[in-house]
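Colleague: I have a structure here, written as C-alpha cells, and I will follow up with some questions on it.
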Amino acid sequence: MFPRLPPATRALILVNVAVFLLQQVGGDLMGGLFALWPLGSGLFRPWQLLTYAFLHGNLVHLFVNMLALFMFGGALERYWGGGRLVLFYVVCVLSAGATQLAVQGLSGQEPTVGASGGIFGVLLAFAWYFPRQRIILLFPPIPMPAWLFVTVYALLELFYGVTGREQGVAHFAHLGGLLGGALCILYWRTRRRFSA
C-alpha cells in the first residue's frame, strides 16, 4: 500500500484506518468506551487517554491526520527508528489527552476524538530536526520552512483556543501534543548529554 513508508508509520496509519472502519459498525459503542470523555461526565475511563487518538469524527478528520502522519512520520522514523517514533507518538497523545482533560475541567460534556495531538507532536519534531525543510501549504500554496510553519500553526491554535473560536476543535489538545513532544525531545537530549 505504501511501499516507501517505513513500517511503524505504516502501522500507525493502518491501525487508525482499521479503527475508523470499526467505528462505522460500532458507532456509539466505540465512542462511549474509547473516546476521551471529560472527568465529570461519568463516562471517563483511564484507557481513553490513549484510545481516543485512534477514533475520528469523520473521513476528512481521518484523512487530514493520516496525511500529516504520512508526510512527516516517515522522515522521523527514518531518522529515529520505528520504536522511538511510536514511543514519541504515544507520549504526545497522552499529553494531548491530559491537557484536554485539564482545560475541560469538570464542566465539559463532549468527548474528544482524533490523532491530532499526536500529529502536532510529530509536526513539532519534524520542525525541530528538519527546521529548514520546505513545506508548502495547501491553501494558499505558500512555501515556508518547517520551523515557521509549526510556529505559525501553534500560535493559531493558541489564538483559537483562548478566544473560543472554531468550536468543536480541541485546540488545547493540539497544544498539549506540542508540549508533550517538546518535553520528550528535551528529555532525550538531556539524557544523552549526561550519559555522554
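Since every read-out is calculated from the coordinates, none of them should be taken as a lab result. Note that this is a predicted model, so its numbers are computed, not measured. When we count neighbours, we look across all protein chains shown, and the Cβ atoms used for this are built from the backbone with ideal geometry, even at glycine.
Colleague: Trypsin sites (Lys or Arg not before Pro), restricted to segment 79-183: which are DSSP loop and have at most 12 other Cβ atoms within 10 Å?
Modeller: On the way: sites: Arg84, Arg132, Arg134, Arg165; in loops: Arg132, Arg165.
When the trypsin sites (Lys or Arg not before Pro) of segment 79-183 are filtered for loop state and at most 12 Cβ neighbours within 10 Å, Arg132, Arg165 remain.
Colleague: Between rounded, prolate and oblate, where does the chain land on the alpha carbon gyration tensor, with a ≥ b ≥ c its root eigenvalues, rounded for a/c under 1.5, else prolate if a/b exceeds b/c? Please list the in-between numbers first.
Modeller: On the way: a/c = 1.42, a/b = 1.33, b/c = 1.06.
Cα axes put the chain in the rounded bin.
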